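Here's the structure we're looking at; comments come further down.
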Amino acid sequence: MLAAVPFIFLPKETGLWQNLAAGLSTLICLSATWYILRKPDSGKLLAGIAATTCLIALWPGITKNPATALSAAVVYIFALYSLGNFNTAMYLNRSSDEIELGLQRTRWAALALIGISIASFLIVRELPSVSSTALLIIAAVAQILSILWSIYQQSNFHKLFCIVLNALTFLAAYYMMDYDLTWLGSLIIGATLLLFLPRSAFIDESQENWWDIFVNHPGRVTLVTFFLLCLAGTFLLFLPGSAAARPIALIDAAFTAVSAVCVTGLIVLDTPNDFSFLGQAFILLLIQLGGFGIMTVTTVAMHAFGQRLSLKQAKVLKSTFNSEHDNLVSSLIQIVKFTAAAESLGAVILAALFYRVGCTGLDAIWKGIFTSISAFCNAGFALQSDNLIPFQSNPLILHTVATLIIVGGLAPAVVLIIPEWIRGKAISVAAKIALVTTVALLFSGTLFFLVFEWNGALSGLSIADKFHNAWFQSVTLRTAGFNSVAIENILGPTFLIMIGLMFIGGSPGGTAGGVKTTTFGVLIATFWACALGYDEITIKNKRVIPETVFKAVTTVVAGFLVLLSLVLMLEVTQQISLRELIFEATSALGTVGLSLGTTGKLDSIGKIIIMLAMFAGRIGPVTLFTLLSRERSSNAKHYLDARINLT
């Protein structure tokens, strides 16, 4: 895999000596691969020479960019360090079974392919034909390793599945090569291999069904179902009947589908003018399915047809929805009923309000249905080119949409106990954190928007309308994406407040994104306990267990790391100000849908990055880091405490 690195990263204009050095590095690397397990000392020496030769071949290109030079130096030093500490005996003793060794080779090849693909995107960006070919070749090598490994499997299905999957992903990568997206095709191949490789080469007979590849891991179930829904949505929106006039480009259809499924609302096309009624209906269907989640729809449908969940399916759903098996199906049915009731009521009210402002009967009904579902699912799609700006002086429409956003952003179980909370009755700690945090963020966001934008985005409105629109913008920042005022020229303080609110998002169990209000509430409680010197974190006489705090910290750190990576990729590839890119990336990751006018400026690469951001935000950044996790038994060992000074 690494033998092709010199040719992948060679610049477009190279001298003869660079090509010779690259070829020599490749040959030496291949020799090192053969020697490393047979004659370790010779293999290590050859590998070191190959790395040095590769560095020499790429030297002219590396020295042009300080960041690239630093990265190359770090990788070179790490490679030499790893070679020095490579223990051949440990590697050979790890597994004496040829099938298990084949699985290890395939897994490491997939990991190397992913790393090389990402590096080629960040460093080279536009790959020459030689580099693209070299990248595609090592992708094919990784696929061949997986096919060779699958031959040892007893199940004919696994052999056929592996061959078909590799063929489809390779054809997709080959197709992307014509659009200078070879790096993305190779990345998809590596990620697909890594996703579907089992943890062990030995497959239990009870796992012969094709769906066992998915259902044994909650994170994979979430990722695969949303990914398939995005693919289906792309196909539907790419159909000629979905376009109002001119045909819709494939990248724009994919972007709109991902935005709808991930209930984000970022758009590259004008929804009311570029999509036909059929296209708008497809978008609404994707919003509804994305808001519900495929697993919710499937489970309720199975129950309606009298089918029961298997133990594996129940286990995955329990892990996904944090619900016990006894009340899992009833809880999901309650969600569907509550959603249908809320959206229906909202549609009726909005249709009447749209009719009052001049829409025709059928137009008012369609806008009422579309806006109600979009608002409840926190999607942000609207059938007005200027979103809800035409209704900024209509408080009834604004507050109806805002109510749907709030209700959809909260879990149905939390919404149903609000009357008890208002009457002062005891409710669960989790529900109270979600409600208190939501109220605090809504009112503080309104206050900040009023103070900072009184003579800015709110200028020209009456005093009453300023309060109405400030409240609406505070609500919609909770991952909804509607806007009733122009936000392109907001002030710096407002920008920071909006970034914070979008990153926090809504509550768990609802349709909103972000790191969630409960996570924010737990971190605030942790800060308060540490500031006052308490040994334990308590909320309403209930102790917050350390595991909850760990999960809260992990969620925020994972979200920040993903956001940082997204901003870095956008900054490298787009000629757009950093302020706009940060806002766009945060909006996409938080599945908010607000934009400073940046979405229309993105090129194909930028659109793909934002699509990845929306997808990551919908399934959750933590899920991305746990896709390859396995169930671990609790560690009963007790260690001595380590005291670490932090100040």
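Below, the figures for the structure above:
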item: Computed FRET value (nearest 0.05) for residue 42 with residue 488, which takes r as the C-beta separation and R₀ as 60 Å; result: 0.45
item: Inter-probe distance in nm under a simple model that places probes 7 Å from Cα toward Cβ, at residue 340 and residue 575; result: 5.3
item: Gyration tensor verdict on segment 457-608 (Cα atoms; rounded if a/c is under 1.5, prolate if a/b is larger than b/c, oblate otherwise); result: oblate
item: Candidates per GluC sites (Glu not before Pro) in segment 447-548, loop by DSSP, up to 14 other Cβ within 10 Å; result: 488, 536
item: Prolate/oblate/rounded label for segment 295-626 (Cα gyration tensor, a/c 1.5); result: rounded
item: Theoretical gain in end-to-end length, residue 641 to residue 59 [0.36 nm per residue, Cα-Cα removed]; result: 204.8 nm
item: Links that overshoot a 23 Å alpha carbon limit, given the list 432/466; 432/551; 367/466; 432/516; result: 432/466; 367/466
item: Packing-based ranking, highest mean first, of 283-290, 27-34, 431-438, 262-269 given that Cβ atoms within 10 Å are counted; result: 262-269, 283-290, 431-438, 27-34
item: Least to most buried among 404, 612 (fewest other Cβ within 10 Å first); result: 612, 404
item: Residues 120, 186, sorted so that the one with the fewest Cβ neighbours within 10 Å comes first; result: 120, 186
item: Residues 639, 152, sorted so that the one with the fewest Cβ neighbours within 10 Å comes first; result: 639, 152
item: Among 427, 525, 589 - extreme Cα towards positive end, dipole of segment 295-626, charges at beta-carbon; result: 427
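No lab work stands behind these numbers, since they all come straight from the coordinates. Predicted, not measured: the structure shown is a model, and the values here were computed from it. Here Cβ is always computed from backbone atoms with ideal geometry, including for glycine, and neighbour counts include all displayed protein chains.
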